[in-house]
Amino acid sequence: MIGGGLAGLSSAVALAEAGFRVRLLEKRPHLGGRAASYVLPGGEHVDNCQHVTLGCCTNLADFYRRVSAENQIRFFDRLVFAAPDGRRGTIAASALPPPLHMAASFAFFPLLGLADKRAIAQALLAIARSGGNPADLEVGGGGSGMTMLAWLEKRRQTPRAIRRFWEVILVSALDEQLDRIDARYGIDVFWKAFLSTRRGYRLGIPRVPLGELYEGCRTALAEQGGEVQLRAGVRGFLIVDGRVEGVEREDGSVETANYYLAAVPQDILPELLPAEVVESEPVFSNLRHLCASPITGVHLWFDRTVMTEPFLTLLDSTTQWVFNKTKLYGASAEQAENGDQYLQLVISASYSLSTRSRQEIIALCLEELRGVLPATRKAKLVKGTVVKEMSATFSPMPGSDRWRPAQKSPIAALFLAGDWTSTGWPSTMEGAVRSGYLAAEAILSDAGMPRKFLQPDLRPEGLARLWAHET
Ligand SMILES: Cc1cc2nc3c(=O)[nH]c(=O)nc-3n(C[C@H](O)[C@H](O)[C@H](O)COP(=O)(O)OP(=O)(O)OC[C@H]3O[C@@H](n4cnc5c(N)ncnc54)[C@H](O)[C@@H]3O)c2cc1C
């Protein structure tokens with residue numbers, strides 16, 4: 001395995017369970033890839049960026065179970081939204097059957113008007129009645145689909161409905177702006193998370209720094225005689241007559257194996273292959289068409305408690321989410337009262353911040369927090385850090401699915417995993433684990449030991465089930 005992100009880890013654990021002896025080579029000093037944590041010089045454990053999962057992420061949940069990390073994820077049923085003036089609105093499920101389970105809280109949601117709600121309800125109903133496959137998504141030929149914004153405009157959404165509802169959910173779920181999102185991805189988010197089941201929307205947040213979730217992986221590999229090696233970068237694959245014969249490590253040594261899995265990001269893979277192989281195989285040369293989108297994380301430490309909720313979603317702000325890390329990590333009441341409070345802010349599709357300085361970004365976020373968390377006005381900012389990930393995820397642009405390869409590559413003995421391979425899911429932890437399981441299945445099938453790891457989606461419930469069957 002080359003790469004110890006979620007794709008490599010999930011594949012490694014699955015193959016070890018099938019009896020394979022797996023050696024995993026990771027370039028960095030820690031596991032987790034983009035979903036990792038590290039220790040700051042002051043001793044604070046910070047995530048590369050806050051990561052959340054949803055109830056509909058069935059494969060990530062399965063992976064956490066396999067590595068005994070499932071109890072480290074806490075699920076929340078109430079999503080709290082805050083307007084710039086500090087007013088709050090809550091969305092939560094009621095006893096009504098899906099897709100009506102959110103209807104009551106949506107009807108009373110104070111931060112949208114009647115016309116916004118009517119438009120949103122009609123569009124959501126169109127998604128639900130079509131079982132998540134509205135017929136009006138196709139535009140022309142050429143494999144390129146409609147943008148989410150174009151679909152919403154076709155469905156006559158009000159500007160406020162777009163800004164305060166669709167954009168808020170989709171920009172953070174898909175890390176892209178509405179006019180650059182393939183409508184199929186956007187609609188899938190609403191069908192899987194909010195319409196088809198009661199549990200799909202529940203927000204799962206780790207209680208511990210991300211790195212602690214992967215401890216069980218080492219044990220799983222070791223039980224079959226395998227191992228994890230950190231600071232073990234690979235320089236390239238050695239390919240002879242269309243077959244991998246080994247990998248050259250950065251220290252110059254060569255490793256050989258029966259199967260090789262490349263679980264590195266899509267922009268790294270071509271650098272590890274001979275140029276002539278990349279040019280002659282569209283599977284590899286087409287990867288340059290997958291674009292990247294940025295996420296900015298802002299870590300703020302205050303000298304006192306400024307927030308009581310575990311997390312908040314901000315409306316009409318550059319800052320999209322605020323996570324109360326002190327509370328989420330379960331600080332004791334005494335610690336929380338006496339000590340600093342650590343908040344993590346997340347801004348997805350943060351193109352507008354790419355040229356802004358760290359100080360400017362912190363000043364902008366603090367200004368926005370003053371409205372929604374008035375206690376920040378009097379609090380002292382003890383420390384602040386900004387982490388800009390310019391290649392956080394691949395952009396789910398219309399037609400991007402065309403460039404995502406299957407897990408079995410055209411080179412013998414070489415398999416691929418990564419959130420960017422063909423999974424049907426956007427660039428997420430769930431997508432990465434799906435790719436890892438699919439790669440393990442492909443390797444096992446090649447070895448004549450077929451086995452299934454991929455978990456099914458949650459089964460639609462209530463009326464949603466009926467409509468899904470009808471379509
Ligand atoms: C800021 C940010 C916030 C995010 N928030 C969320 C979220 O809230 N929810 C969610 O579901 N997803 C989120 N994501 C997306 C999620 O992190 C990724 O989709 C997922 O982690 C990708 O996993 P992966 O294994 O495919 O790739 P990666 O995590 O990128 O793993 C690839 C690994 O390969 C290693 N590698 C690279 N080159 C070499 C080499 N030559 N030799 C050896 N090893 C090498 C890398 O060091 C890395 O560990 C976020 C991503 C970012 C960046």
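Bear in mind these aren't lab numbers, they're just calculated from the coordinates by the rules spelled out. None of the values given here were measured: they were computed from a predicted structure. Neighbour counts are summed over all protein chains in view; Cβ atoms, including those assigned to glycine, are modelled from backbone coordinates with ideal geometry.
Here the average projected area of the convex hull drawn through the C-alpha atoms of region 302-451 stands at 12.8 nm². In this entry, region 1-118 is assigned a mean projected area of 11.9 nm², taken as a quarter of its C-alpha convex hull surface.
Ranked highest first by the average count of other Cβ atoms within 10 Å around their residues, in what order do 436-445, 395-404 fall?
Numbers: 436-445: 24.7, 395-404: 20.3.
Per-residue mean Cβ counts within 10 Å order the peptides as 436-445, 395-404.
Magnitude of the Cβ-charge dipole of the chain, K/R +1 and D/E -1, about the Cα centre, nearest 20 debye?
On the way: 52 positive and 51 negative charges, 311 e Å.
About 1500 debye.
Within the same chain, lysines fewer than 8 places from residue 117 are excluded, and of the rest, those with a Cα less than 17 Å from its Cα are 154.
Order of 365, 291 from fewest to most other C-beta atoms within 10 Å? Working shown, then result.
Working: 365 24, 291 14.
In order of increasing Cβ crowding within 10 Å: 291, 365.
Highest mean first, the peptides 116-128, 168-180 sorted by other C-beta atoms within 10 Å per residue fall in the order 168-180, 116-128. For residue 457, what is the net charge nearby, where nearby means another residue's Cβ is under 11 Å from its Cβ and Lys, Arg count +1, Asp, Glu -1? Taking every other residue near residue 457 into account, the sum is +1.
Counting neighbouring Cβ atoms within 10 Å and putting the fewest first, the residues 346, 240, 283 line up as 240, 283, 346.
Is the shape of region 54-163 best called rounded, prolate or oblate, per the rule: a/c under 1.5 gives rounded, else a/b larger than b/c gives prolate, else oblate, with a ≥ b ≥ c the square roots of the Cα gyration tensor eigenvalues? If you can, show how the numbers build up before the last one.
Values: a/c = 1.96, a/b = 1.18, b/c = 1.66.
Oblate, since a/c reaches 1.5 and b/c is not below a/b.
Residue ranges 263-274, 373-384, 49-60 sort as 49-60, 263-274, 373-384 when ordered by packing (mean number of other C-beta atoms within 10 Å per residue, highest first). Checking the cross-link pairs 327/383; 27/327; 325/378 against a 27 Å limit on the alpha carbon distance flags 27/327 as lying beyond it.
Per DSSP helix of 4 or more residues, -39500 (n - 2.57); summed, then divided by the residues of the chain. What does that give at 222 nm, rounded to the nearest 500?
Details: 15 runs with 134 residues, N = 471.
So the calculated ellipticity at 222 nm is -8000 deg cm²/dmol.
Annotation: lysines with alpha-carbon distance below 21 angstrom to residue 452 (same-chain offsets under eight excluded): 408.
Evaluated with a Cβ-only charge set (Lys, Arg +1; Asp, Glu -1), region 175-313 carries a dipole of roughly 860 debye about its Cα centre, given to the nearest 20. Where a ≥ b ≥ c are the square roots of the eigenvalues of the C-alpha gyration tensor, would you call region 88-222 rounded, which needs a/c under 1.5, or, failing that, prolate if a/b is larger than b/c, or oblate? Since a/c reaches 1.5 but b/c is at least a/b, the shape of region 88-222 is classed as oblate. Taking every Cα-Cα distance in the chain and sorting them into 20 Å bins starting at zero, the pair-distance distribution P(r) comes out as 23, 56, 21, 0 percent.
Name the shape class, rounded, prolate or oblate, that the alpha-carbon gyration tensor gives for region 1-61, where a ≥ b ≥ c are the square roots of its eigenvalues, rounded holds for a/c under 1.5, and otherwise prolate holds if a/b is larger than b/c and oblate otherwise. Don't jump to the answer; show the numbers that get you there.
Values: a/c = 3.11, a/b = 1.35, b/c = 2.31.
Note, shape of region 1-61 comes out oblate.
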